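> Here it is: the structure, laid out below.
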Amino acid sequence: MMVGFWCMAAGAFVFVPAALTRTYEIFLLGLFTIGAGLAILQTAANPYITVLGPKERAAQRFSIMGIFNKGAGIIAPLLFAAVILKATDTDLFKELASMNEADRNIALDELIRRVILPYTCVGIALFGLGLMVRFSPLPEINTEQESLELETANSGKKNIFQFPHLILGAIGIFLHVGSQVISIDTIIGYANSMHINLLEAKVFPSYTLFAQICGYILGIIFIPKFIRQVNALRICTMLGTILTFLIIFASGQVNFLGHAADISIWFVVLLGFANSMVWAGMWPLALDGLGRFTKLGASLMIMGLCGNAILPLCYGYLADLYNVRYAYWVLLPCYLYLVFYAFYGHKIRRWTISNH
């Protein structure tokens, strides 16, 4: 976890020379380094959260983590926008095209160097968090020591590909994170298609994230006292399937929270709620019974995060081919697969059906 934080800190510090030289490739290097650090951190943190306490309360612990995660997702862009953007920037962007090259370079240098201070602060904070984790009293969890029952069950296993519920879970994570990003990142474009201007549309991702946080809060309250985490996963995946149909087929103008928009956009917002318990529900199911393969299994699950990069491209392709509304059809196979995993896929322990 310390290495993950420090790698992210290094990525944040790369933004300083990137801004000073105004070089796109160095910015990409910084983003890549932050992404690599985040992958290392998640690979360590997710199995840690899973095995840190009782298995049946893992989704509850993930929900607490998710509140901070999505809360930061709401607050960070607002803070960065407040620090980096000024009220006069709209006029500046319009004037850039008509400026001579020297003046344009001066204006762009001033604009891009505003990222130096916030990213330096982020880098220092991440480095400090790495130190805190390193010297914290967090217990070291040894997944190499297996119970006699688990050791017997895994005695013939040579690699992680002999755990079908893990492989199917990694595919599920790929589809889940991709559909989650689509629900958050495409909603501004969808609002624009309803003739809602950018200034008004930019708040819709925050609504989706807020709906997700509401789901986390309910998860903390109800799991496992009132509902099992696997049942929460089943409810959320089925809700996602229903909402996908409503996004595509439901229509009608409504006024809500000061927005006049087609009702279907609010079903996109509610996808945040449907997505809330999927990540938390899938991790304990996918890592169940892995024993000494837990850390390697977690690495495979984290590789599923590339769904964030790939599925939005599928949405974009369909949006170009048809329209931004029908492009949401891409979510249907994702949620149907997640329903399959929630009800049946996580129970599969061998690839072939036994004759006995």
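> With the structure loaded, tell me whether Arg57 is in a helix (DSSP H, G or I), basic (Lys, Arg) and open to solvent by 60 Å² or more (accessible area, probe 1.4 Å) or whether it fails that test. It would help to see each step written out before you state the result.
Numbers: in a helix (DSSP H, G or I): yes; basic (Lys, Arg): yes; open to solvent by 60 Å² or more (accessible area, probe 1.4 Å): yes.
It is true that Arg57 is in a helix (DSSP H, G or I), basic (Lys, Arg) and open to solvent by 60 Å² or more (accessible area, probe 1.4 Å).
> List the number of the failed condition for Ile34; all other conditions in (1) surrounded by fewer than 18 Cβ atoms within 10 Å (Cβ to Cβ); (2) hydrophobic (A, V, I, L, M, F, W, C); (3) closer than 19 Å to Tyr119 by Cα hold.
(1)
> Quick one: Trp266 ticks every box in (1) over 19 Å from Ala58 (Cα atoms); (2) in contact (Cβ under 8 Å) with a residue 60 or more places away in the chain; (3) open to solvent by 10 Å² or more (accessible area, probe 1.4 Å) bar one, so which box is it?
(2)
> OK, next. Identify, please: which residue in the stretch 99-121 is open to solvent by less than 80 Å² (accessible area, probe 1.4 Å), out of contact with any Leu (no Cβ under 8 Å at 6 or more places or on another chain) and β-branched (Val, Ile, Thr) and is, among those, farthest from Val14 (Cα to Cα)?
This residue is Ile112.
> Residue under question is Asn275, and the condition is that it be among the polar types (S, T, N, Q) and open to solvent by 10 Å² or more (accessible area, probe 1.4 Å); does it hold? Spell out the reasoning first.
On the way: among the polar types (S, T, N, Q): yes; open to solvent by 10 Å² or more (accessible area, probe 1.4 Å): no.
No; evaluated as a whole, the condition is false for this residue.
> Here's a follow-up. Looking at the stretch 347-356, can you tell me whether even one residue there is out of contact with any strand residue (DSSP E or B) (no Cβ under 6 Å at 6 or more places or on another chain), part of a helix (DSSP H, G or I) and either without any contact (Cβ under 8 Å) to a residue 60 or more places away in the chain or under 30 Å from Ala39 (Cα atoms) (or both)? Talk me through it step by step, then tell me what you get.
If we filter the stretch 347-356 for residues that are out of contact with any strand residue (DSSP E or B) (no Cβ under 6 Å at 6 or more places or on another chain), which is where we start, we get 347-356.
Then drop every residue that is not part of a helix (DSSP H, G or I), which leaves 347.
When the remaining residues are screened for being either without any contact (Cβ under 8 Å) to a residue 60 or more places away in the chain or under 30 Å from Ala39 (Cα atoms) (or both), the result is 347.
Yes, that holds for at least one residue.
> Okay, next question. Within the stretch 80-125, count every residue that is part of a helix (DSSP H, G or I) and over 25 Å from Ile34 (Cβ atoms).
We begin by selecting, within the stretch 80-125, every residue part of a helix (DSSP H, G or I); these are 80-84, 89-96, 101-125.
Filter once more, keeping what is over 25 Å from Ile34 (Cβ atoms): 90-96, 101-107.
Here the count works out to 14.
> Filter the stretch 60-75 for residues that are open to solvent by 30 Å² or more (accessible area, probe 1.4 Å) and among the hydrophobic types (A, V, I, L, M, F, W, C) and give the result.
Hits for the stretch 60-75 are Ile64, Met65, Ile67, Phe68, Ala72, Ile74, Ile75.
> Further question on the same structure: Would you be able to tell me the number of residues in the stretch 173-230 that are open to solvent by 10 Å² or more (accessible area, probe 1.4 Å), within 25 Å of Arg61 (Cα to Cα) and not in a helix (DSSP H, G or I)?
Here the count works out to 5.
> Is it the case, given these coordinates, that Ile248 is within 30 Å of Leu166 (Cβ to Cβ), surrounded by 15 or more Cβ atoms within 10 Å (Cβ to Cβ) and more than 19 Å from the chain's Cα centre (by Cα)? Break it down into steps so the answer makes sense when it comes.
Numbers: within 30 Å of Leu166 (Cβ to Cβ): no; surrounded by 15 or more Cβ atoms within 10 Å (Cβ to Cβ): yes; more than 19 Å from the chain's Cα centre (by Cα): yes.
No: the conditions fail for Ile248.
> Tally the residues that are part of a helix (DSSP H, G or I) and out of contact with any Lys or Arg (no Cβ under 8 Å at 6 or more places or on another chain), restricting the search to the stretch 231-258. Give the derivation first.
So the first thing to find is which residues in the stretch 231-258 are part of a helix (DSSP H, G or I), and the list is 231-249.
With out of contact with any Lys or Arg (no Cβ under 8 Å at 6 or more places or on another chain) added as a condition, the list becomes 231-246, 249.
Going through the stretch 231-258 one residue at a time, the tally reaches 17.
> Output the residue which, of all residues in the stretch 325-346 that are farther than 25 Å from Gln229 by Cβ and either part of a loop (DSSP other than H, G, I, E, B) or β-branched (Val, Ile, Thr) (or both), is least open to solvent (accessible area, probe 1.4 Å). Lay out the reasoning, then the answer.
So the first thing to find is which residues in the stretch 325-346 are farther than 25 Å from Gln229 by Cβ, and the list is 325-330.
Now drop any that are not either part of a loop (DSSP other than H, G, I, E, B) or β-branched (Val, Ile, Thr) (or both), which leaves 325, 330.
Details: Arg325: 49, Val330: 20 Å².
Step by step, filter the stretch 325-346, then rank; the result is Val330.
> From Gly37, Gly128, which residue is out of contact with any helix residue (DSSP H, G or I) (no Cβ under 7 Å at 6 or more places or on another chain) and either in a helix (DSSP H, G or I) or without any contact (Cβ under 8 Å) to a residue 24 or more places away in the chain (or both)?
Working: Gly37 fails: out of contact with any helix residue (DSSP H, G or I) (no Cβ under 7 Å at 6 or more places or on another chain).
Going through Gly37, Gly128 in turn, just one is out of contact with any helix residue (DSSP H, G or I) (no Cβ under 7 Å at 6 or more places or on another chain) and either in a helix (DSSP H, G or I) or without any contact (Cβ under 8 Å) to a residue 24 or more places away in the chain (or both): Gly128.
The values are calculated or read from the model by the stated rules, or taken from the named source; none is laboratory data. Treat the numbers as computed from the prediction; the structure is a model and nothing was measured. Cβ atoms come from the backbone with ideal geometry, glycine included; neighbour counts cover every protein chain shown. Note: accessible area is taken over every heavy atom of the protein model, side chains too, but ligands, DNA and RNA are not part of it. Shrake-Rupley method; radii C 1.70, N 1.55, O 1.52, S 1.80 Å.
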